[in-house]
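S.K.: Please find one structure pasted underneath; my questions will follow.
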């Protein structure tokens, strides 16, 4: 409906002022929409739509129809940001807002980013994947010191090529009493992951099973989601009982709980991704959750959150409208000042459009053909990484490479003889995982894979360090959400890199989602606002906090 035909509709009720008067100016209407702690009324004011906060409204076609009363065309209730998703998510994780800064490997989701999220009332995960155990330990120690009782989590990534790294990470988390991990890139459940989940399991005074260690699992496939929504596998529980790390009673308790109490539907995203559409993936996993809850008779259903493409109030509101318990944001945070990447990478990300991404072979699952989504604008990494994978598929060893092909790889990609690269790679794995060297010396094809992974692994580190000599080789994990975010903030303070702080991004997305939902509620009742009033634009964090007091 248009503003000119507002008075042709039957009123839902009648409204009278008790102070502030209705407004029709688009700027003032935007302010009314942002006053989310108060109910909002769309009124017929001389044939035009007006908005009003407060006042006295009586609903019903003839209720309150007295002199001076204005017809109510639509109304939107007050919104508590903690209740946008599942309120139990905020309660269980001790945060104010249902917003998660997802983990990004190699410390890109840095201690500074995690600290900023915790202090802003959100939940952040440190990007432990790809880091040596001593660096992860140092990050955890700093977070414990700086945050005190404020919540945070650490990433635990599945790495089939180096299973000992996953086991070492779990050992560290148990020693440091880390109670929350984000499990990412899992294809199947592993013994270390199950060990983490059931460590310390017991019954409370009421007889309910309590598992102190929580997992938020990031998944994009139904079969993987099914595993996380099921109790820990019986064979892995038996292995833990046999090793003395779990009692028979503990194994029985574990059969009553899901592996993950929170499951993130990871749609088209940065890094490891299956390029799923959120509007397809989320309903599928939500339906699966309902079936698994009934099958296993869980006392409380696991929650399902949304990730991938969350980049504006519209996308955030859409996720909440589908029933997301919480939001997970990744790519956008990488362009924030607190991220653990380099200034040059932040500049490249801030200039990215939605079509500026490509898929490339993953360093940690190279032999399996798993791919990651990266930025293609300003770098040749995706193309060069694809060349390496094609060569790996075509030849059984480095020695089998044709002379011209090998020369091109050495000159254009490695910038060194492959023998020198193998020596560096061998020294690295002798320190990190000697079994990889033993395999490589017995299997030339595996040696070839390790040499090629040298480039894939270092490419992200060159980007994080801002190595000027390797700019064309930067591996920058990035999804289309980055371009969508850049478009949304164009011409605002968040378009400036110096102002792109993680807390400002987080609060704008959550608060903006609330404003967008109020707009959608009015529209669903037929009240269309002028275009100037219906734009949800970023606000300085101080202005948002004023609305939340």
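The values are calculated or read from the model by the stated rules, or taken from the named source; none is laboratory data. Fair warning: this is a prediction, and the values are worked out from it, not measured in the lab. Backbone-built Cβ (ideal geometry, glycine too); neighbour counts: all protein chains shown.
S.K.: Within the stretch 63-74, track down each residue that is touching a strand residue (DSSP E or B) at 6+ places or on another chain (Cβ under 9 Å) and either assigned to a strand (DSSP E or B) or free of Cβ contacts under 8 Å to residues at least 40 places away in the same chain (or both).
M.R.: Once the filter is applied, which keeps residues that are touching a strand residue (DSSP E or B) at 6+ places or on another chain (Cβ under 9 Å) and either assigned to a strand (DSSP E or B) or free of Cβ contacts under 8 Å to residues at least 40 places away in the same chain (or both), the stretch 63-74 yields 70, 71, 72, 73, 74.
S.K.: Still on this structure, please answer the following. Might you let me know whether the stretch 458-474 holds any residue that is surrounded by 20 or more Cβ atoms within 10 Å (Cβ to Cβ), in a loop (DSSP other than H, G, I, E, B) and modelled with pLDDT of 95 or more?
M.R.: Yes: one or more hits.
S.K.: Would you say residue 301 is closer than 15 Å to residue 228 by Cα, in contact with a helix residue (DSSP H, G or I) (Cβ under 6 Å, 6 or more places away or on another chain) and part of a loop (DSSP other than H, G, I, E, B)?
M.R.: The answer is yes for residue 301.
S.K.: I'm told residue 207 meets every condition in (1) at pLDDT 95 or above; (2) at positive phi except one. Can you identify the failing condition by its number?
M.R.: Result: residue 207 passes all but (1).
S.K.: Starting from the stretch 23-49, keep only residues that are at positive phi, then list their pairs with residues that are surrounded by fewer than 16 Cβ atoms within 10 Å (Cβ to Cβ) whose Cβ atoms are within a distance under 9 Å, requiring at least 6 positions of separation or different chains.
M.R.: 46/7; 47/4; 47/5; 47/7; 47/8
S.K.: On to the next question. Given the options 276, 203, name the one that is assigned by TED's automatic domain parsing to the domain that holds residue 326, surrounded by fewer than 22 Cβ atoms within 10 Å (Cβ to Cβ) and farther than 30 Å from residue 483 by Cβ.
M.R.: 203
S.K.: Given the criteria surrounded by fewer than 20 Cβ atoms within 10 Å (Cβ to Cβ), out of contact with any helix residue (DSSP H, G or I) (no Cβ under 8 Å at 6 or more places or on another chain) and assigned by TED's automatic domain parsing to the domain that holds residue 432, does residue 386 qualify? Reasoning before the result, please.
M.R.: Details: surrounded by fewer than 20 Cβ atoms within 10 Å (Cβ to Cβ): yes; out of contact with any helix residue (DSSP H, G or I) (no Cβ under 8 Å at 6 or more places or on another chain): yes; assigned by TED's automatic domain parsing to the domain that holds residue 432: yes.
So residue 386 fits the description; yes.
S.K.: Here is a follow-up. Would you mind telling me which numbered condition in (1) modelled with pLDDT of 95 or more; (2) within 15 Å of residue 336 (Cβ to Cβ); (3) within 15 Å of the chain's Cα centre (by Cα) residue 103 fails?
M.R.: If we test residue 103 against (1) modelled with pLDDT of 95 or more; (2) within 15 Å of residue 336 (Cβ to Cβ); (3) within 15 Å of the chain's Cα centre (by Cα), just (1) comes out false.
S.K.: Considering only the stretch 87-129, state which residues are part of a loop (DSSP other than H, G, I, E, B) and surrounded by fewer than 20 Cβ atoms within 10 Å (Cβ to Cβ).
M.R.: Passing the criteria: 94, 96.
S.K.: Are any of the residues in the stretch 434-446 more than 19 Å from residue 389 (Cβ to Cβ), touching a residue at least 40 places away in the same chain (Cβ under 8 Å) and not assigned by TED's automatic domain parsing to the domain that holds residue 135?
M.R.: Scanning the stretch 434-446, I find at least one residue that is more than 19 Å from residue 389 (Cβ to Cβ), touching a residue at least 40 places away in the same chain (Cβ under 8 Å) and not assigned by TED's automatic domain parsing to the domain that holds residue 135, so the answer is yes.
S.K.: Moving on. Please list, ordered by first then second residue, the pairs with beta carbon atoms under 7 Å, 6 or more apart or interchain, first in the stretch 323-345 and without any contact (Cβ under 8 Å) to a residue 60 or more places away in the chain, second surrounded by fewer than 24 Cβ atoms within 10 Å (Cβ to Cβ).
M.R.: Pairs found: 323/286.
S.K.: Residue 74 passes all but one of (1) surrounded by fewer than 23 Cβ atoms within 10 Å (Cβ to Cβ); (2) outside the structural domain of residue 12 (by TED's automatic domain parsing); which number fails?
M.R.: (2)
S.K.: Here is a further query. Spot the failing condition for residue 139; the list is (1) in contact with a strand residue (DSSP E or B) (Cβ under 7 Å, 6 or more places away or on another chain); (2) at pLDDT 95 or above; (3) in a loop (DSSP other than H, G, I, E, B), and only one is missed.
M.R.: Result: residue 139 passes all but (3).
S.K.: Also, I was wondering about something else. So which of 512, 491, 479 ends up being under 25 Å from residue 81 (Cβ atoms) and not in a helix (DSSP H, G or I)?
M.R.: One residue alone meets the criteria, 479.
S.K.: Confirm whether residue 61 is crowded, with 23+ Cβ neighbours inside 10 Å, farther than 30 Å from residue 183 by Cα and not assigned by TED's automatic domain parsing to the domain that holds residue 460.
M.R.: So residue 61 does not fit the description; no.
S.K.: While we're on this one: Those residues that are over 18 Å from residue 220 (Cα atoms), surrounded by 16 or more Cβ atoms within 10 Å (Cβ to Cβ) and free of Cβ contacts under 8 Å to residues at least 60 places away in the same chain, I need them from the stretch 157-166; list them, please.
M.R.: Correct list: 166 only.
S.K.: If I ask for residues that are in contact with a strand residue (DSSP E or B) (Cβ under 6 Å, 6 or more places away or on another chain) and over 24 Å from residue 371 (Cβ atoms), which ones from the stretch 152-169 would you list?
M.R.: The answer is 152, 153, 154.
S.K.: Related question: In this structure, does residue 477 turn out to be buried (at least 16 other Cβ atoms within 10 Å of the Cβ), modelled with pLDDT under 95, in contact with a strand residue (DSSP E or B) (Cβ under 6 Å, 6 or more places away or on another chain) and within 29 Å of residue 269 (Cα to Cα)?
M.R.: yes
S.K.: Can you tell me which of 268, 262 is closer than 27 Å to residue 520 by Cα and either outside the structural domain of residue 363 (by TED's automatic domain parsing) or buried (at least 24 other Cβ atoms within 10 Å of the Cβ) (or both)?
M.R.: After ruling out the rest, the residue left standing is 268.
S.K.: Where residues in the stretch 206-258 are within 32 Å of the chain's Cα centre (by Cα) and free of Cβ contacts under 8 Å to residues at least 12 places away in the same chain, which of them is surrounded by the most Cβ atoms within 10 Å (Cβ to Cβ)?
M.R.: Per the criteria, the residue is 210.
S.K.: Quick check, is residue 401 touching a helix residue (DSSP H, G or I) at 6+ places or on another chain (Cβ under 8 Å) and either assigned to a helix (DSSP H, G or I) or not assigned by TED's automatic domain parsing to the domain that holds residue 359 (or both)?
M.R.: For residue 401, the condition - touching a helix residue (DSSP H, G or I) at 6+ places or on another chain (Cβ under 8 Å) and either assigned to a helix (DSSP H, G or I) or not assigned by TED's automatic domain parsing to the domain that holds residue 359 (or both) - is not met.
S.K.: So which of 281, 285, 314 is out of contact with any helix residue (DSSP H, G or I) (no Cβ under 7 Å at 6 or more places or on another chain), in contact (Cβ under 8 Å) with a residue 60 or more places away in the chain, closer than 30 Å to residue 110 by Cβ and assigned to a helix (DSSP H, G or I)?
M.R.: None of the other options fit; the residue is 281.
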